[in-house]
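This report concerns only the one structure given below.
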């Protein structure tokens, strides 16, 4: 919703997709284990919400419940609430 309310044209959606979604999909621990990264890159990777989604999904499939990374759920919930609040604020202040 945030992107949809900010972008003025359909081409802008593709541009934002190229600069936000595509890098996050490669850096979001989707294709690798983030614990093996150097410290500087690890700090960047752990700022992305997709990292916690990937960690949680990987653990749900391959690890027992006792080893599930429960910290990922409150982090993802916080990100969802913050982004939802930003989107709701933008939507309520939208002008044509």
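If you check residue 34 against the conditions, is it at pLDDT 80 or above, more than 22 Å from residue 73 (Cα to Cα) and within 16 Å of the chain's Cα centre (by Cα)? Spelling it out, it is not the case that residue 34 is at pLDDT 80 or above, more than 22 Å from residue 73 (Cα to Cα) and within 16 Å of the chain's Cα centre (by Cα). Is it the case that some residue within the range 59-67 is touching a helix residue (DSSP H, G or I) at 6+ places or on another chain (Cβ under 6 Å), surrounded by 12 or more Cβ atoms within 10 Å (Cβ to Cβ) and either farther than 20 Å from residue 90 by Cβ or modelled with pLDDT under 85 (or both)? No, there is no match, as no residue in the range 59-67 is touching a helix residue (DSSP H, G or I) at 6+ places or on another chain (Cβ under 6 Å), surrounded by 12 or more Cβ atoms within 10 Å (Cβ to Cβ) and either farther than 20 Å from residue 90 by Cβ or modelled with pLDDT under 85 (or both).
Across the range 6-22, a minimum of one residue is classified as assigned to a helix (DSSP H, G or I) and either touching a residue at least 40 places away in the same chain (Cβ under 8 Å) or in contact with a strand residue (DSSP E or B) (Cβ under 6 Å, 6 or more places away or on another chain) (or both).
Checking each residue in the range 23-47 for being assigned to a helix (DSSP H, G or I) and exposed (fewer than 11 other Cβ atoms within 10 Å of the Cβ) picks out 35, 36, 39, 40, 43. The number of residues in the range 57-96 that are part of a helix (DSSP H, G or I) and either under 30 Å from residue 7 (Cβ atoms) or in contact (Cβ under 8 Å) with a residue 60 or more places away in the chain (or both) comes to 20.
The values are calculated or read from the model by the stated rules, or taken from the named source; none is laboratory data. This one's a predicted model, so the numbers in the text were calculated from it and none came from an experiment. No Cβ is skipped: glycine too gets one built from the backbone with ideal geometry, and neighbour counts run over all protein chains shown.
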